[in-house]
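Before any comments, here is the structure.
Every read-out reported here was derived from the displayed coordinates using simple, explicitly stated rules and does not represent laboratory data. Worth saying up front: this structure is predicted, and the values here are computed from it rather than measured. Cβ placement follows ideal geometry from the backbone for every residue including glycine, while neighbour counts extend to all protein chains displayed.
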Ligand code: AVJ
């Protein structure tokens, strides 16, 4: 109950700040309520959303190579997965590690306690031999918790295209922060969606089924329910746009007319001009030079790249 109230206050603060900006924006973590989690599951199942399948292929074909890298130090390790989500792809790795009698425990973190509970329950059934220790904290807090422990070797994972939700500046700060939580010899496996045919990327965020549209608009449904807002869902449209120069796939909600929206929890009336935007998400696509710069500035060494057969996606292994 207390946790819920704190979340509402956090949401209200974020919404108030974001909608006061010009141009307006809302943080993408607001997508992930119960409904948003479910819609994202559907996104991962649609053919246009390639990143999930690319990483799945990498894990399927290269799980033993990954395991050998993880166990090269010979000591047991704690596998800390930041933003674990539903962990369906990770399960493939976890199962393989167990099958090979690898000595490790699994520490999934996610801001959504809802998703973590589902993940834990599934893993208890699928992999009963696995030690699962969920951390329902934001990345920064989870990292602080883990960094305080100097007794265990840690291997961090930040998979999917999750790093893409940060701008390049934010991504560098995030990787620096992560590197700060790593001790000498610790490893980090991070997923990067690469720049590719712009039409492939555009289709992944503007699918013909309307699933990504529902994902974006659900943010307004959530504000209506949780903050007592009165967004008219028929008066906003999903507008995704990929810029092949910067690699930024940006999503917007566009106001279809001049309108006022009232938000009870923040005591605000927000005005929208016709065609005014709310920027809701960035999914940054990387090139190899940018990944190398990220590593160098964070004082991390690149150990190895794992690529899918189309080279759409890379899981990159870094060492401190
Ligand atoms: C969960 C951040 C990796 O940016 O590709 C998918 C979220 N948004 N379709 C991404 C998302 C629209 C996804 N990440």
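The spacing between segment 133-178 and segment 199-220, judged by their C-alpha centroids, is 27 Å.
Exposure proxy for 61, 319: other Cβ atoms within 10 Å of each Cβ, ordered fewest to most, give 61, 319. In the distance distribution for segment 174-320, Cα-Cα pairs more than 24 Å apart total 50 percent. Taking the DSSP bridge list for the chain and keeping only pairs wholly inside it, about 65 percent are antiparallel. Mind checking the log10 I(q)/I(0) for segment 103-171 at q = 0.24, 0.25 Å⁻¹? Debye, one equal scatterer per Cα, no solvent, two decimals. Debye curve over Cα of segment 103-171, log10 I(q)/I(0) at q = 0.24, 0.25 Å⁻¹: -1.25, -1.28.
Given segment 70-222, what whole percent of its Cα pairs are spread farther than 28 Å? Mind showing how you got there, number by number?
Details: 3110 of 11628 pairs.
For segment 70-222, the share of Cα pairs beyond 28 Å comes to 27 percent.
Relative to the first principal axis of the alpha-carbon coordinates of the chain, what is the inclination of helix 211-227, with its axis defined by its Cα atoms, in degrees from 0 to 90 and to the nearest 10? The helix 211-227 is inclined about 70 degrees to the chain. A convex hull fitted to the Cα coordinates of segment 1-139 yields 144 cubic angstrom per residue.
For segment 1-82, evaluate the Debye formula with one uniform point scatterer on each Cα (no solvent term) and list log10 I(q)/I(0) at q = 0.18, 0.26, 0.27 Å⁻¹, rounded to two decimals. Listed by q, the Debye log ratios stand at -0.95, -1.21, -1.25. Computed from Cα positions, the angle between helix 50-70 and the longest principal axis of the chain comes to roughly 30 degrees.
The mean sequence separation of alpha-carbon pairs under 8 Å and at least six residues apart, normalised by the residue count of the chain, gives a relative contact order of 21 percent.
The rule of thumb for compact globular proteins, 2.2 N^0.38 Å, goes into the C-alpha radius of gyration of segment 234-320 1.65 times. Put the Cα centre of segment 27-43 next to the Cα centre of segment 66-100 and the gap is 25 Å.
For the Cα atoms of the chain, what angle does the longest principal axis make with the long axis of helix 168-181, in degrees from 0 to 90, nearest 10? The helix 168-181 is inclined about 40 degrees to the chain. Two numbers describe the Cα atoms of the chain: Rg and Dmax, which are 20.0, 63 Å. Shown here are the Rg and Dmax of the Cα trace of segment 139-219, at 16.7, 50 Å. Calculated mean residue ellipticity at 222 nm for the chain: -13500 deg cm²/dmol, from DSSP H runs with n ≥ 4 weighted as -39500 (n - 2.57), summed, divided by the residue count and rounded to 500.
Could you put 107, 275, 29 in order, starting from the residue whose Cβ has the fewest other Cβ atoms within 10 Å?
Working: 107 24, 275 12, 29 16.
Taking fewest neighbouring Cβ atoms as first place, the list is 275, 29, 107.
Going from the residue with the fewest nearby Cβ atoms within 10 Å to the one with the most, 139, 154 rank 139, 154.
Most fluctuating residue of 148, 136, 17 in a GNM of the chain with Cα springs under 10 Å: which is it? Ranking 148, 136, 17 by mean-square fluctuation puts 148 first.
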